[in-house]
1. Which semi-axis lengths, in whole Å and largest first, follow from the square roots of five times the eigenvalues of the Cα gyration tensor of the range 19-195?
2. Taking a ≥ b ≥ c as the square roots of the eigenvalues of the Cα gyration tensor of the range 411-452, is the shape rounded (a/c under 1.5), prolate (a/b larger than b/c) or oblate?
3. Highest first, please rank the peptides 441-452, 243-254 by the mean number of other Cβ atoms sitting within 10 Å of their residues.
4. Averaging sequence separations of C-alpha pairs under 8 Å and six or more residues apart, then dividing by the length of the range 19-195, give the relative contact order as a whole percent.
5. Ranking request for peptides 336-346, 423-433: highest mean number of other beta-carbon atoms within 10 Å first, then the rest in descending order.
6. Need one number: convex hull volume per residue for the range 110-229, Cα atoms only, in Å³.
7. How long are the semi-axes of the equivalent ellipsoid of the range 429-480, defined as square roots of 5 times the Cα gyration tensor eigenvalues? Whole Å, largest first.
8. Compute the distance in nm between two label points, each set 7 Å from the Cα along the Cα-to-Cβ direction, one at Arg297 and one at Leu94.
Amino acid sequence: MSQVVVTERTHANRMARMQASPIWLIGPVYIIAYVTLGWLSIISSTPSFGIVPWSPETGLAFAAFLIFGRSFWPYLLLGVAASNLVLRRELPFLVQLLSPVIVGGGYAVALNWVQQSRWHFDIKLATLRDILVLEGTAIVSSVLVASASVTILALSGVLTAPEVPYSIFRYAVGDLIGVSIITPFLLVVASAGGIPKPNLESVIQACAIVAALVFAFGFSSLPHFRLFNVMFFPIIWIALRHGLEGATFGLVATEVGLVIALLISGPQLAGVTTYQSLMLVLAFTGLAIGGLVTDRRRFEQELRLNQESVSQIFRLGSAGEVTTAIAHEINQPLTAISNYTRLVHEYLVKGEGDKTIAIEAASKVASQVDRTAAVVRNLRDFIRLGRRQIGEQNPHLLIREALDLLEPNFRRTGASVKVAIARDIRNVAVDRLQIEQVLMNIISNAIDAMSDNSPSKERLINITARNIENNRIEIQIRDSGPGFPPDFNLRKSGIRASKKKDGLGVGLSLSQTIVEGHGGELLLGNDDEGALVRIRLNSFPRGAAQ
């Protein structure tokens, strides 16, 4: 059966696997990458500049230290030393000797302080606060490192005293641009599990960046820096659409395009500091907007999740509050059943009483049983997410909506999900909110079950959906966790089946009640990788009216 992959969210524990990698293996790769980026920044500078427009190798150093921690600091020093030895052999011996300590050691001290301080910095840049902490650290440390480095150059006779203040500014801004663009990009790629596949919208956005560069540098009669403002429009658009992740990709593309444009257009009326300052403002703008958008989306998702949880807890709490009233409603028919049953028992066993009265009592017993069953049904409907509104729903949209709501859970735990849905999948006859709640319960349980996986084991959820016999569809949810216990039986365990410390213990039980209330089935089991949950729902015939 042909399938189409509709969702692939890889927040995998790539970051954890990277951090668990041997430093002695990562270190040499880092040094080679550091020297390569330094070489690219040198060849990309024009003769009129006399200084590299940005320092991507500094951004790489920040990202590497934040990912691997303070045990990586010797490689920061070795990276600077190797870069000086390969690319700047003309520097005096004193500079060659002290530069690695000043640059590598200075940035290592600043980043170690951030990681160990009360800021609780998250290297995944999960909030705008993390971005501000990173930028604040970059500003302070780059100014200090630039001041020390330029001072050494002046003491060695490379720079004159009047050149020192301007050189400090250019040095610091170049490093700050590298950190503002490369570091967030690498951290986002590492935490997100890789570079997403391009789609039509990303291609259009890339074309917008190219168009802005052409507009800014295509008119030789005007100073190019006066048209630089057009570069803000694509970045703002990308940041608003895709948050921080999109902003980091857009900034890298813009900086690469800017360097190429400057090389093609030749010497500029404005010096390097003009373009450095403009690019730095653009980077700050893109990161700020991207961080705000990401924060807002996360808050909206968490709010919706909290609303769902509070709604469910409220229903259960309300059920507890009306327990007395319900008990009264049930106690009355139970008392009547007891009395009528005693009359029937005395007539059948002792032969006492009137046969007509006994028959009438038996009839009343059946009536009171029906009344009790009605009370129980009403209670179950009350707890069971309210009144159902059955309608025709697209399984693709149901799954995607549930995954969107659980996005914070995936990011928090580093789990990944892959979704494959049959091209000819039929729509289902369900209450959308209730089935989304079922999907969220099961996927959330799968995420929690994989939380204890070792860093070397992938945390992956596979979701498939296909048509099956009897005009039904089947949604399968597999995880790579420990699976269900061998003796697990939901019907026997009931709501006490949950093993979660902070759970209500009713997720699977409520899910089973909802699915069966729709005339479907909820089947639990294990496969070779972990737990397997199958949800079977009634579907509309293919080609039915939407």
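1. 26, 18, 16
2. Details: a/c = 3.48, a/b = 1.64, b/c = 2.13.
Cα axes put the range 411-452 in the oblate bin.
3. Details: 441-452: 20.5, 243-254: 24.6.
Final packing ranking: 243-254, 441-452.
4. On the way: 199 pairs, mean separation 50.6, N = 177.
Reported relative contact order: 29 percent.
5. On the way: 336-346: 15.5, 423-433: 18.7.
Per-residue Cβ counts within 10 Å, averaged per peptide and sorted highest first, yield 423-433, 336-346.
6. Working: hull volume 19.9 nm³, N = 120.
Per residue, the Cα convex hull of the range 110-229 comes to 166 Å³.
7. Details: eigenvalues 141, 41, 6 Å².
They are 27, 14, 6 Å, listed from largest to smallest.
8. 5.2 nm
Quick note: the coordinates plus some simple rules give every number you see, no bench work behind them. Since this is a predicted model, take the numbers as computed values, not measurements. We place every Cβ from the backbone using ideal geometry, glycine too, and count neighbours over all the protein chains shown.
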